[in-house]
Structures are given as C-alpha cells and as structure tokens.
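Read the structure below first, then the notes.
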Amino acid sequence: MSLRRKVALAVAALGVAALYWAPMLYRWAETGHGDWQQFQHQWEAVYVGVVRYGEFPLWNPWHCGGTLLWGDPQAQGFGPIYWLVVAPFGTVAGVKLFLLLHAAVGWVGMYVAARRLVGVGPRGAVAAAILWAGSGFFAWHGSGGHGAFLPFYFTPWVLLAWRKAAQDVRYAAAVAAILALTLWEGGVYPFPFFCVLLAFDGLVQLVRAGDRAERLRVVKAAALTLPLALLLGAWRLVPILTTMSRYPRPTFESDHLSLEEVIAMLTSKEYDYRFPGHEYVWAEYGTFIGWTALLAGLAGLLVAWRRGHRWVVVGVVFFFALLMGRVTAYHPWPLLHHLPVFGSLRVPARFAVFATFYLGLAAGLGVDHAMRALTRAARGMTFAPKLLSSLFLVAMTAHLYWGNAEVIDRWRNAPPPPVDHVAPYHLTPGHEYGAYASFPARGVSTRGCYTGMTFEAARGLWEGEVDQARVPGGRLLSFDRTANTMTLRVAHEGSEPARVIVNQTWAEGWTSDVGVLVRGASGLIEVEGVPPGEHVLRLEFFPSELPIAAALTLLGLLLTALVVVLPRLLARRRGGSFAAELAVIRRARRRARRGAPSGRARRRTRARRRRSAGARARSAAGRARRRRLR
C-alpha cells in the first residue's frame, strides 16, 4: 500500500470515528456520563498536580481523604497519549480527543485486519469495520465512562502484529509495545484480555502450521514477546501488582447468560437498565449490532468454513462461550477465573469485544462472497454488484446507528472549573459524586471513596475548612501541601515527645523527616516521637517500587531497540539484506500454501479420481461385453 493510500485511509477512519462520536464532539465543553466523572477526576488530578504544584503527582489528595494515583490500576495520566492531548487542549477536550484517536485506530485497524487476515475486498473490509468498531460495546463503554476500555480499539493491530511476529521478530517488539501502551493507559481489562486473545491465536497458528519449523517460529515469537511486554509495561505493571497485593479484590463470578440473552445483547435497542436476573446493569452487556449485521456474520461463518478460515468460526464459538459466563463449572470463564489476576476480574460479558471481532471478520467474508457471486451472475458486470453491496453497507450502518445513537449522546455534565491556585485544602461534607471531577481544581476532597480498588478512606477523617492536623497537647502553627507532600509547623511545650494526627488517609509510601510516620488506629496518618519545641515536619509520598519500575522499563526499551535493529545488522554482516531474507521466507510460505490444497480442493480431487476410476471400470466392462458378443 502506497503512502498516499495509507494517509487517505487514516483520514477516512478519523472522519468515520468523528461521525460516530459526533454527539460527543458537538458538546465540546461538557463532560461525560457515569464513570467518566471518575476518569475526568483522575485526568484533573494529574493535570492540577503539574499545573498548580509543578510536580509529577503520585498521590491523589482530592478523593477518599487521599488515595493512590501512581498505584491506581486505571490511572491514564502516565501514558504518552494523555500528554499529547492534554498539554495543548486541557482535560475536557483531551478526553474527547483521546477517545476519538482510539476510535479511529480501531476503525482503520479492523479494515486492514479484514483485508490481510481473511483476504476480503474493500467492501467486505468495510462491513467488518462497521460491525466491530461501530458495535454497541464501544458505544456503551465509551459513552458510559469506562475509559480504561478504550485500548480495546487496539485489538486488530495486536493480532496483525502477532501474526507477523512469526516471520519477522521486529513485530514481536510491536506486539510488546502495544501491550505496554495498554498498561500505560490504565487498561486493566484490555491487557489480560489481550493475553487470552494471543494465547488463543497462538494455538490457532500452531495447529495450522505446515511443518515443525513454522511451529518453532511461533513459539520463538511468544518467547520474545512476553518478556519484552512485561519489561516495557513495568512502569505501570509493577505499581498495579503492588496495589493488587496490598488491596486484593478476589471475586466469585456467578453471572451467566442464556443464548436468548446473548441474542438480546446483540439485537435489542429496548432494555431494562437493571437487567433482571443479573448482578450488573445493562450497560455491561449492551453490544448492539442489529439483525442486519448479525445475519451477515452468521452467513459469513459458512463462507469462512468453506474458504479454509475455520479459525474464524472457532474464534466466534470460543469467545461467545466465554462471554456467557458460568453456565457450567467447565465453561471457559470459570476455568479462566482460577488463574492469577483473572480471579479479580468481573463481568464475563465484556469478552463480547472479541466475539464481535471474529463475527466482524465473518461478516466481511459474507459480504465479499456475495459480491463475487453477484459479479459472476452478472457475467462480469461490476456496477450492479457494487451498487447492491453499497446499499447493504448503508443499511447495516443505519441499523447500527439507530440502535446506538441514544447511547452515544450522553455528554451533558458540567466541566470542571479553572484551577484555583490559592484554595486551602479541606474535605467537603458528603459524597458529591456529581461534582467529583471538579475536586482537584477546587482543591477539596471528600470522605466518599469510589475506586476500582478495595482501598478505603480512613474512619477518622474530619470535614470542613478547619485545621488539617491536630497536635494533642500542642499547636498547629501552619499547614501547607502539594499533591505529594505536606509541610506542618507544630509547637509542643511538654517534656514528652508529641504525636501529630494528619487529616489524610494512610498508605504505604508516606514518610516524615521528623519522628516516625505510622498508620493510626482510625486509618489516618500519624507522626509519633516529635521532640518538644517548635518543629517543621515534611511528609512526602514516594512509592518504593517506582525506581524499580522505571529501571525495568528502561531495560525493556533498550532490549526492544536491540530486537528492532539487530536483524538488520546481522543481515548486513552476512552480506545480504534483511528485507531480501524476509522476501525469501514469504515466497517459501506462499509456495507451501499452494502446495497444500484446501479441504475443498482435496474433496474435488478425490471426486475426480472416483469419476475417472468409474469411467475406466465402465470402459473395461464394455470391452468385455463386446468380446463375448464376437
């Protein structure tokens, strides 16, 4: 594909994504619905930490009376795309651009995946992209505030790079980079889900491999991808695993879906938000694609089977079985739930993102097959088949948008105010979830605690614009704070060491330069052993695992660069070109595929042989009869 076509495809994908998310862009200055208030709050916490205090924020003082930011698995402010959109546009517009960029990546990725993985034409690829990237999964989770689910838009690129990694080790570095970016963007669900996807497709490649050498290349690609991904993602993986060990969230997931409920997920626009009989609300299940796209996908499964793309059929069956949950103790989900990390995940219906991915590939095959059949029926005339297929794509798009338009149009919450650089820090009464996103800019916190962790606010927190520290038997002379530090000037005239109680929830990582910082009985930060007299205490939050995480990621970057550069250097040393070696490998693979006929070709060959054998037998019998007559 030429550079000009690549640019045109990227621009087209951005335009389609903008049309799909037009209601969000129309309300440019407003914030999102539901959990977007939580993510908007996190984006603001990082932004205010830098703008107001000039420091890289590791602690979030504006929620739960103080909570983890560096250790929050869903924090998105530590990735590169966050700063790419927030630095020039701010957090409100940044969130929208963040979503729009991911959507465009998903649309173009699905188009390219359908073209390369199953070999369909442009219209088949468009059908695949419409079904998957336009599905209700992204409409519900994207508009409902599951910002950590946006890396699911990387799915086609993960699979494309993974397929290439067996031929070219540089693509193993690409897979690792995408997985690491997923972690850096708070993708606590996309990352383990991608691991399941890659394991499934790895088995597919091993089964389809023509010889032992091809299987060995797949194993080598996996052996290279895994450590690179873990090292590159260590910047976020280390604090996430640390948080999970300190605040575990084991879950027993008993939710399951019947086949009728799965069909309703895919085709129902009308719904009961509470979804009777299930633990979660409909927003966790809604994956509207409509009957038009569903029937195209089901018809495409037959085409996939006949064309030799049986892995598409297996993918649809496996991931639909996975999203159905605990139907029996031996279904994929309960078995997967026994594994580390997966035991803390919830809502198996979220695997709909992969089920519709494979169904989209099948729909692309179905549309492509219909296009070819119409062309043959029209005796080579292409106008009528192109017109009919275009009308079908328009109908599919209209049906999808009809089912998801109301879901997407939920961006009506007020934006956070400008950053107040002088507001004194204190806790406001009540929870005020509706104003959650405004807390960092206002410089206030709350005792309410709404996070994806089991982190809890301290019981002893106090509210109001009052002193933020108490010195029994002494006085607090001044209190000042940034995101990561608190500076207290205290006076104590007794003969015994003093104790200072700070209005902040304790967590590991807090230290004091005077006395000993401990967790108080009520969960607050307390400093013991402060000597008599007047002292300035500086309390600082700095996670002990941060240097380790940074060092591992730097090592991963060096190794990734080595993986990218080394093959070219070795090829030059051997006197050849790396591209030429790859071309030789690809030609050998194509010859092997041509030499290994598909199942349909083998059946035709056997039928021809049977017909030839029958004809020879009939000819011999005829000659025998003629000899007897003579």
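The values are calculated or read from the model by the stated rules, or taken from the named source; none is laboratory data. This is a predicted model, so every value here is computed, not measured. Every residue, glycine as well, gets a Cβ built from its backbone with ideal geometry; the counts of neighbours run over all protein chains shown. In case anyone asks, the SASA skips ligands and DNA or RNA and just uses the protein heavy atoms, side chains included. Shrake-Rupley method; radii C 1.70, N 1.55, O 1.52, S 1.80 Å.
Couple of notes before you dig in:
- Straight-line cross-link reach from residue 269 at under 17 Å between alpha-carbon atoms covers these aspartates and glutamates, not counting any fewer than eight positions away in the same chain: 260, 261, 284, 406, 409.
- Residues in the range 363-401 that a label on residue 22 would reach, taking backbone N under 13 Å of a point 7 Å out along Cα→Cβ: 398, 401
- Charge tally in the Cβ shell below 15 Å around residue 393, where Lys, Arg are +1 and Asp, Glu are -1, residue 393 excluded: +1
- Here's the picture: charge each Lys and Arg Cβ at +1 and each Asp and Glu Cβ at -1 in the chain, and of 541, 556, 43 the one pushed furthest to the positive end of that dipole is 556.
- Stretchable slack from residue 573 to residue 55, in nm (0.36 nm times residue separation minus alpha-carbon distance): 181.7 nm
- The modelled label-to-label distance between residue 548 and residue 466, using points 7 Å beyond Cα along the C-beta direction, is 4.0 nm.
- Using distinct alpha-carbon pairs, which all enter the 1/r mean, Kirkwood radius of the range 426-531 in Å: 14.8
- Length gained when the stretch residue 271-residue 518 is fully extended (0.36 nm per residue, less Cα-Cα span): 83.9 nm
- Helical mean residue ellipticity (222 nm; -39500 (n - 2.57) per DSSP H run of 4+; nearest 500) of the chain: -19000 deg cm²/dmol
- Separation of the residue 298 and residue 565 label points, Cα + 7 Å toward Cβ, nm: 5.6
- 14 Å beta-carbon shell around residue 532, net charge (K/R +1, D/E -1): -2
- 1.4 Å probe accessible area per residue over the range 23-131, in Å²: 26
- Average accessible surface for the range 436-565: 46 Å² per residue, computed with a 1.4 Å probe over protein heavy atoms with every protein chain in place.
- Here the Karplus relation 6.51 cos²θ - 1.76 cosθ + 1.60, evaluated at θ = phi - 60°, turns the backbone of the range 390-400 into coupling constants of 5, 5, 5, 5, 5, 5, 4, 5, 4, 5, 5 Hz, with x for every Gly and Pro.
- Pairwise Cα inverse-distance average, inverted: Kirkwood Rh of the range 268-318 (Å): 13.1
- Alpha carbon centroid spacing (whole Å) that separates the range 315-341 from the range 214-236: 24
- Taking the accessible area of the range 1-92, probe 1.4 Å, and keeping the other protein chains in place, the carbon and sulfur fraction comes to 67%.
- 3J(HN,Hα) along the range 121-135: x, x, 5, x, 5, 5, 4, 4, 5, 4, 5, 7, 5, x, 6 Hz, from the Karplus curve 6.51 cos²θ - 1.76 cosθ + 1.60 with θ = phi - 60°, whole Hz, x for Gly and Pro.
- Proximal charge balance of residue 28 [Cβ under 14 Å; K/R count +1, D/E count -1]: +1
- Cβ-Cβ distance of residue 391 and residue 321, R₀ of 45 Å, FRET efficiency by 1/(1 + (r/R0)^6): the value works out to about 0.85.
- Simple spin-label estimate for residue 93 and residue 511 in nanometres, 7 Å along Cα-Cβ: 4.1
- By the Cβ-Cβ criterion of under 4.7 Å, the unpaired cysteines of the chain are 195.
- Under 29 Å from residue 386, Cα to Cα: lysines that are on another chain or at least 8 residues apart: 6
- For the range 1-127, fraction of C-alpha pairs farther apart than 25 Å, in %: 39
- Whole-Hz Karplus values for the range 545-560 come out as 7, 4, x, 5, 4, 5, 5, 5, 5, 4, 4, x, 5, 5, 5, 5 Hz, taken residue by residue from phi with 6.51 cos²θ - 1.76 cosθ + 1.60 and θ = phi - 60°; glycine and proline positions read x.
- Cross-link reach list, aspartates and glutamates versus residue 220, counting only Cα pairs under 15 Å and skipping chain neighbours closer than eight places: 168, 201, 211
- Equivalent-ellipsoid semi-axes of the chain, from the Cα gyration tensor, Å, largest first: 57, 27, 22
- Considering only the chain, percent of DSSP beta bridges that pair antiparallel, nearest 5: 90
- Overall, the accessible surface of the range 360-504 at a probe of 1.4 angstrom is composed of carbon and sulfur to the extent of 58 percent.
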